[in-house]
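The values are calculated or read from the model by the stated rules, or taken from the named source; none is laboratory data. Bear in mind that the values here come from a model prediction, so they are computed numbers and not experimental data. Counting neighbours? That spans all protein chains shown, and the Cβs are built from the backbone with ideal geometry, glycine included.
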Amino acid sequence: MNILVIGQSHIAAIRAAAKTRRERNPERPRTRVIHTLEPHYAPEIDEQGEEPRFSAPLEATILDQIARHGPLVVSAMGGNFHNALTLLQHPRPFDFSLSGEPSPPFVRGAEPVPESLVRAALEHGLARDFTRLRLLRAVTGPFVHLESPPPVRDDGFIRDSAEAWFKDKAGGEIAIAPAALRYRIWRLNTGIFRKAVEALGCRFQPVPRETQDADGFLLPQFAGDATHGNEAYGEAVIRSLESGA
C-alpha cells in the first residue's frame, strides 16, 4: 500500500523512515510526504477568492501524487500548538482537570483554571489547522489524521533539545512545565482534533502504543527533540498505517 502524508513539522520523522525503507527495499510500496510550508507552495493557503483554498502548486502536487500512486492519504496537519502553550513553565503556574479520562495528579501549588478556558485557548490557536483539515478533505476526500506525538517526560531532555523558538521565548534558562500539565494539554488537544477530523468523515489514528510508556508519555528512544518523534517513531507510524491499527 502506498501512503501519502501531508502536513508540517511532524512529517520529518516519517520522511526519514520512508527514505530508509526505500534504500533497503526499492520494490516495496512507498510512503511519500508533502510539507505544505515549503517555499514553492507559498502561500500555503490562497485567501484571495471567496473561499480559502490550498495554493495552486500545493493542490496540483497533491492531486498528481494521488493520480500516479493511488495512496492512502494521511494528514499530519498542525499538532504542535499545545506545546507552544504549555511546554515552558508559565510565569503564573496553572493546571486544569481533564474530564472524561484518567491523567496524572494535579500539579502541586498550581493555580486551578477551568478546562473550558484551556480548551478555548487551544481551539483559538488551532483555527488555521482546522482550515487545513477542511481544505485537505475538499481536495482528497476522506483521509486518516495522525495524532501528534505524546510529550516526553524527561525535563532535562526537553531543555537540551528544545527548538530555537522555545529558547528564544524563554529568553534565558528554559524552565519546563510539569509533565502532568503537558500530558493533559496533549490529551485535550487530541480530543479537539479527533472531533474535528471525525466531523469531516475522516479517521483519527492514535499514536502507536509501542512508542509510549505505561503512563502514555513518549519513550525516549522515539523522541527526536522536545516536541517531535524521530525516525524510529516515523517507522512505527508507517507500520501502524499499513496494518490499519
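Within region 51-71, residues that are free of Cβ contacts under 8 Å to residues at least 24 places away in the same chain sit with their Cβ atoms under 9 Å from residues that are part of a helix (DSSP H, G or I) and not basic (Lys, Arg), at 6+ positions apart or across chains, in these pairs: Ser55/Tyr41; Pro57/His40; Pro57/Tyr41. Got at least one residue in region 123-135 being in contact with a Pro (Cβ under 8 Å, 6 or more places away or on another chain) and at pLDDT 95 or above? Looking for residues that are in contact with a Pro (Cβ under 8 Å, 6 or more places away or on another chain) and at pLDDT 95 or above, one finds at least one in region 123-135, hence yes.
Just one of the listed residues (Ala236, Ala164, Ala177) is among the small types (Gly, Ala, Ser) and closer than 23 Å to Arg128 by Cβ, namely Ala164.
Screening region 66-81 for residues that are under 18 Å from Ala12 (Cβ atoms) and in contact with a Leu (Cβ under 8 Å, 6 or more places away or on another chain) and picking the one that is surrounded by the fewest Cβ atoms within 10 Å (Cβ to Cβ) gives Phe81. With respect to being small (Gly, Ala, Ser), farther than 15 Å from Phe157 by Cβ and not in a loop (DSSP other than H, G, I, E, B), Ala214 falls outside the description. Scanning region 98-119 for residues that are in contact (Cβ under 8 Å) with a residue 24 or more places away in the chain and either part of a loop (DSSP other than H, G, I, E, B) or more than 25 Å from Met77 (Cα to Cα) (or both) yields a total of 9.
Okay, residues lined up against (1) surrounded by fewer than 17 Cβ atoms within 10 Å (Cβ to Cβ); (2) closer than 22 Å to Ile238 by Cα:
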position	(1), (2)
His124	yes, no
Arg128	yes, no
Ala138	yes, no
His145	no, yes
Asp160	yes, no
Arg184	no, no
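Residues of region 122-164 that are within 18 Å of the chain's Cα centre (by Cα) and free of Cβ contacts under 8 Å to residues at least 24 places away in the same chain: His124, Ala127.
The residue of region 5-61 that is surrounded by the fewest Cβ atoms within 10 Å (Cβ to Cβ), among those that are in contact with a strand residue (DSSP E or B) (Cβ under 6 Å, 6 or more places away or on another chain) and in a loop (DSSP other than H, G, I, E, B), is Pro52.
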